[in-house]
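> This structure is in structure tokens; I'll ask about it shortly.
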């Protein structure tokens with residue numbers, strides 16, 4: 001007689017198989033609707049994971065095994081990650097799709113996810129789908145030793161303001177000097193370079209794709225909402241369809257009552273459940289499946 005634990009494992013395995021089969025059906029439906037080969041790329045919004053080079057390798061493996069004669073539509077949902085990896089993913093998708101590369105934002109494509117979307121030929125978004133700022137976040141430690149993510153521009157701005165006050169203050173300069181001791185000058189310079197690099201990656205992706213017809217200087221002006229802290233006020237704040245379109249991005253709005261959005265929403269619910277349970281990353285097509293189990297370190 002089987003134990004409760006064994007029965008529970010069997011039930012979980014059956015549910016996983018059913019979810020996978022249903023996701024395959026939905027991806028095929030979406031392919032028929034958009035006229036492109038569809039591949040989904042999800043990273044967890046719950047576990048502390050980020051887009052990295054492993055994802056680029058997994059995605060290339062899937063694309064290598066997939067026929068892309070009609071081009072590629074990447075269904076994307078991620079809180080972001082490494083900008084350099086995002087640049088590589090854009091190149092991989094363009095090469096394998098012969099530059100017929102769309103991104104469908106399932107719900108959120110933030111940070112590096114926004115850069116991937118910017119590198120496509122066309123972005124499909126729902127009325128509630130969101131892009132985000134592309135400036136990187138820096139992993140720092142709080143005074144109690146706990147790790148925390150801080151927007152890069154906050155670190156640099158804080159350092160610059162303290163330096164200015166230390167130089168111009170007529171008294172109590174030691175207060176500012178003590179606070180400056182918490183900063184590493186070399187690290188600040190590296191962060192400045194990272195900020196410039198991330199913006200450069202976004203501009204290059206756009207110049208080689210949907211904004212090829214305008215200059216790099218014009219592109220920088222247009223994407224100000226994605227790189228300027230004073231516009232969005234907070235790194236995590238959503239940038240929706242209308243504002244992204246004003247920035248010159250080539251976007252097609254998929255309304256909430258569109259059958260395509262209904263298919264994407266059902267797929268999103270199943271994939272989101274997958275990357276918030278035992279796994280934290282998912283890349284799959286109707287015929288290929290790669291996933292990364294979540295392991296507590």
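Where a number appears in this text, it was derived from the coordinates with a stated rule and is not lab data. Just so you know, these numbers come straight off a predicted model, no measurement behind them.
> I'd like the distance separating the alpha-carbon centroids of the range 11-67 and the range 190-207, in whole Å.
28
> Nearest 500 deg cm²/dmol is fine: what mean residue ellipticity at 222 nm does the chain get from its DSSP H runs of n ≥ 4 alone, each adding -39,500 (n - 2.57), divided by its residue count? Write out the running numbers ahead of the final one.
Numbers: 12 runs with 150 residues, N = 297.
So the calculated ellipticity at 222 nm is -16000 deg cm²/dmol.
> Just 81, 171, 209 to compare: in a GNM of the chain, with alpha carbon springs under 10 Å, which one fluctuates most?
So, out of 81, 171, 209, the one fluctuating most is 171.
> Evaluated at 20 °C with a viscosity of 1.002 mPa s, what Stokes-Einstein diffusion coefficient in µm²/s does the range 136-210 have when Rh comes from the Kirkwood expression over alpha-carbon pairs?
On the way: Rh = 14.2 Å.
For the chosen part, D equals 150 µm²/s.
> Also, I was wondering about something else. Rank 53, 194, 65 by mean-square fluctuation in a GNM of the chain with C-alpha springs under 10 angstrom and give only the top-ranked residue.
Taking springs between Cα atoms under 10 Å, the residue moving most is 65.
> Enter the mean projected area of the convex hull around the alpha-carbon atoms of the range 164-297, in nm², rounded to one decimal.
For the range 164-297, averaging the hull's shadow over all directions gives 14.3 nm².
> Kirkwood hydrodynamic radius, the range 37-187, all distinct C-alpha pairs: what's the number in Å?
Hydrodynamic radius (Kirkwood, Cα pairs) of the range 37-187 is 17.6 Å.
> So what is the relative contact order for the chain, in percent, with contacts set as C-alpha pairs under 8 Å and at least six apart?
Relative contact order, the chain: 23 percent.
> In whole angstrom, how long is each semi-axis of the equivalent ellipsoid of the range 235-297, when you take the square root of 5 times every eigenvalue of its Cα gyration tensor and sort them from largest down?
In descending order, the three semi-axes are 28, 18, 12 Å.
> In units of 2.2 N^0.38 Å, what is the alpha-carbon radius of gyration of the chain?
1.12
> Calculate how many DSSP beta bridges within the chain are antiparallel, expressed in % of all such bridges and rounded to the nearest 5.
Given both bridge residues lie in the chain, the antiparallel proportion sits at roughly 40 percent.
> Considering the chain as a Gaussian network with a 10 Å cut-off on Cα pairs, which listed residue, 156, 175, 263, attains the greatest mean-square fluctuation?
Checking each option, the largest mean-square fluctuation is seen for 175.
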